1. What is the residue count in the range 225-244 for residues that are over 18 Å from Ile320 (Cα atoms) and within 25 Å of the chain's Cα centre (by Cα)?
2. I need the full set of residues from the range 439-464 which are free of Cβ contacts under 8 Å to residues at least 60 places away in the same chain, touching a strand residue (DSSP E or B) at 6+ places or on another chain (Cβ under 6 Å) and surrounded by 15 or more Cβ atoms within 10 Å (Cβ to Cβ), in order please.
3. Quick test for you: out of Ala154, Ala168, Ala209, Ala197, pick the one residue that is hydrophobic (A, V, I, L, M, F, W, C), over 16 Å from Arg247 (Cα atoms) and modelled with pLDDT of 95 or more.
4. Please state which one of Cys475, Cys545, Cys452, Cys509 is touching an Asp or Glu at 6+ places or on another chain (Cβ under 7 Å) and of a type in the set (A, V, I, L, M, F, W, C).
5. Consider the range 554-586. How many of its residues are open to solvent by less than 40 Å² (accessible area, probe 1.4 Å) and of a type in the set (A, V, I, L, M, F, W, C)?
6. Could you list, in sequence order, all residues of the range 454-480 that are in a loop (DSSP other than H, G, I, E, B) and at pLDDT 95 or above?
7. Which of the residues spanning the range 279-325 are among the charged types (D, E, K, R) and touching an Asp or Glu at 6+ places or on another chain (Cβ under 7 Å)?
8. Report yes if Phe413 is within 30 Å of the chain's Cα centre (by Cα), modelled with pLDDT under 95 and not small (Gly, Ala, Ser), otherwise no.
Amino acid sequence: MKGKPSIVRFAIIGCGIIADIHAKGIQETAEAELTALYDKQPEKAIRFAEEYGGKVYHTMEDLLAAEDIDVVCICTPSGQHPEQTIQSARAGKHVLVEKPMAIHLPDVERMIESCKRAGVWLSTVFPRRMSPQAQFAREVIQSGRLGKLSLCSAYVKLYRDQVYYDSAGWRGTWEMDGGGAMMNQGIHTVDLLQWLAGNVTTVTGKARAVLRDIEVEDTVLSSLQYESGALGMLEITTTAYQGKGQRLEIHGEKGTLVIEEDDIISLHIEGEEVECPKFAAFRVIPDGHRMQIQDMARAVLEQRPPIVTGEDGRHSLEIILRTYQSSRTGQEIRLASDKPIVQTAADHLRIQVYPTREEMGLSAAREAADVLRQLLREQERVRVVFAAAPSQLAFLQALKREPHIDWSRVTVFHMDEYVGLPATASSSFSQFLQEQIWEDVRPGEVHVIDGCNDPDEECARYSRLINAAPIDLICLGIGENGHIAFNDPPVADFKDPMIMKKVELDEACRQQQVNDGCFDKLDEVPRYALTLTVPTMMSGGRLFCIVPGERKHAAVRRMLTRAISTACPATILRRHPNCTLYADQAAYSGIADV
């Protein structure tokens, strides 16, 4: 760290109400000092500086360029947090960001990733974790004194009238507030509940604006299932006249623990005479904020992570966002997991299996993005081949949200196209990729297969493009008949001398296009296509094979367990030195480790 080794210098971005709490926390921390301020309304920052000190900057860019700042406290509306966090990280500043970290999960991922790459700490404000009662409760639960948990619920009953929501244009809006009672008033309780009871795996929710004239909800119910098998309920509202605040109830086979506001009001454990210790006085505001600021300063000085990390903020936010998703769809929603439920290998092929298609796509995209970023650091241009199919959607949607990929230096191809189908047709593969990823990331060069060109001429033209330089990365799937690209079993050749060729599609392949919803009837599916050959596919430096869905289960089984042959062309991937299969549970279930 630059400057004094015993003092951490803080800046505040956003000089609204909560910034006062941050400033007082900094003043009360021996290891901290407030050195810089910025607000888009300069007069607010000037008034703030008169009370708390610190230099006023007229642009955020100037503030972040200053060398006498170590930590930035972000105290702006929630929708502004992601870009301000990312800019701060790029400037080499540690970040303490108010709740919620962001209002979209991909933005949280970007924030976490940006801080990791910049080598700075990211912390989010969850002051209820700082209370001595909460820490004692967590110790009781984690030590097993309550036994196996069965029912873990929380209730937040507050009152906010219409005047409150009308007092600021961003309040009660999806764009800047990200949600209502659950996102803003309830998020601290949501975080505390999952911190005490453990990770939530599924939610089923209902969120409504019952009384207030706002876009977002004033009342929400969310039924929870935990990783431990316990169940629970979140009940949150801002319509409870003279509401009592928060209450958490944790029930286990050997005991019960109840917290109201921040006090343990009941703790009963089978076979124990329980007496809680005398806790130091604690108020969430300002004590919780002050303790987090103190911890952040010490984390910087001691070069250790803060007590509450960016990753900690992700799970509670996901509970809220998935509750909203469940309310919109009427379905139970599973939360994402960063870890595969199966990790194994078949010959050289690495295998990672995830509970859901979404988790599979997210993991594959993260790892593909890491490879792209590394290649872009090492070479001027990167060449990527994409598959176009509904099975790739979760991957493509996640990949295009990945930060810090200079797509202007990426040249993209696709691996097959129907003969006679114009590139602009809704069923063409180039149009699919254009809509799903290319028009968003805007690669430097896009090479489209022209299905309306003479097939021999088009194969020759595209082969020259493919052969101009090595292919660095190929993102592919496998077909229900085991094909890779359009190398169906009757036409696949592991020693094919061609780079691209015209092939006749077998009936199983054409039926899959109907099953995928690309065509209404079998006789609408073209009979011929142009495809990269198997050796061309195997020439890629790194292969990401993304295969979700129950309809692919039989093909995955053959791919992993049968002899390597053109009877199932995908078996050849087991010989590639750098290929990973990403599957969801539906595609892999019941296949023994290989």
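The values are calculated or read from the model by the stated rules, or taken from the named source; none is laboratory data. What you see is a predicted model; the values in this text were computed from it and never measured. Glycine also receives a Cβ, built like all others from the backbone with ideal geometry; neighbour counts cover every protein chain displayed. Quick note on the areas: whole protein, heavy atoms, side chains included, nothing else; ligands and nucleic acids left out. Shrake-Rupley method; radii C 1.70, N 1.55, O 1.52, S 1.80 Å.
1. As a first pass, look at the range 225-244 and keep what is over 18 Å from Ile320 (Cα atoms): 228-230, 239-244.
Remaining after also requiring within 25 Å of the chain's Cα centre (by Cα): 228-230.
So the count comes out to 3.
2. Of the range 439-464, the ones free of Cβ contacts under 8 Å to residues at least 60 places away in the same chain are 439-443, 445-448, 450, 452-454, 456-457, 460-461, 463-464.
Remaining after also requiring touching a strand residue (DSSP E or B) at 6+ places or on another chain (Cβ under 6 Å): 443, 445-447, 463.
Passing the criteria: Pro443, Val446, His447, Ser463.
3. Values: Ala154 fails: over 16 Å from Arg247 (Cα atoms); Ala168 fails: modelled with pLDDT of 95 or more; Ala197 fails: over 16 Å from Arg247 (Cα atoms).
Answer to the selection: Ala209.
4. Numbers: Cys475 fails: touching an Asp or Glu at 6+ places or on another chain (Cβ under 7 Å); Cys545 fails: touching an Asp or Glu at 6+ places or on another chain (Cβ under 7 Å); Cys452 fails: touching an Asp or Glu at 6+ places or on another chain (Cβ under 7 Å).
Of Cys475, Cys545, Cys452, Cys509, the one residue that is touching an Asp or Glu at 6+ places or on another chain (Cβ under 7 Å) and of a type in the set (A, V, I, L, M, F, W, C) is Cys509.
5. Just the residues of the range 554-586 that are open to solvent by less than 40 Å² (accessible area, probe 1.4 Å), to begin with: 555-556, 559-560, 568-574, 576, 579-584.
Imposing the further condition that a residue be of a type in the set (A, V, I, L, M, F, W, C) reduces the set to 555-556, 559-560, 568, 570, 572-573, 579, 581, 583.
Number satisfying all stated conditions: 11.
6. At the first step, the residues of the range 454-480 found to be in a loop (DSSP other than H, G, I, E, B) are 454, 468-472, 477-480.
Answer for the range 454-480, where residues must be in a loop (DSSP other than H, G, I, E, B) and at pLDDT 95 or above: Asp454, Ala468, Ala469, Pro470, Ile471, Asp472, Gly477, Ile478.
7. Taking the range 279-325 and keeping what is among the charged types (D, E, K, R), we get 283, 287, 290, 295, 298, 302, 304, 311-312, 314, 318, 322.
Passing the criteria: Arg290, Arg298.
8. Numbers: within 30 Å of the chain's Cα centre (by Cα): yes; modelled with pLDDT under 95: no; not small (Gly, Ala, Ser): yes.
Considered against the rule, which asks whether it is within 30 Å of the chain's Cα centre (by Cα), modelled with pLDDT under 95 and not small (Gly, Ala, Ser), Phe413 comes out as no.
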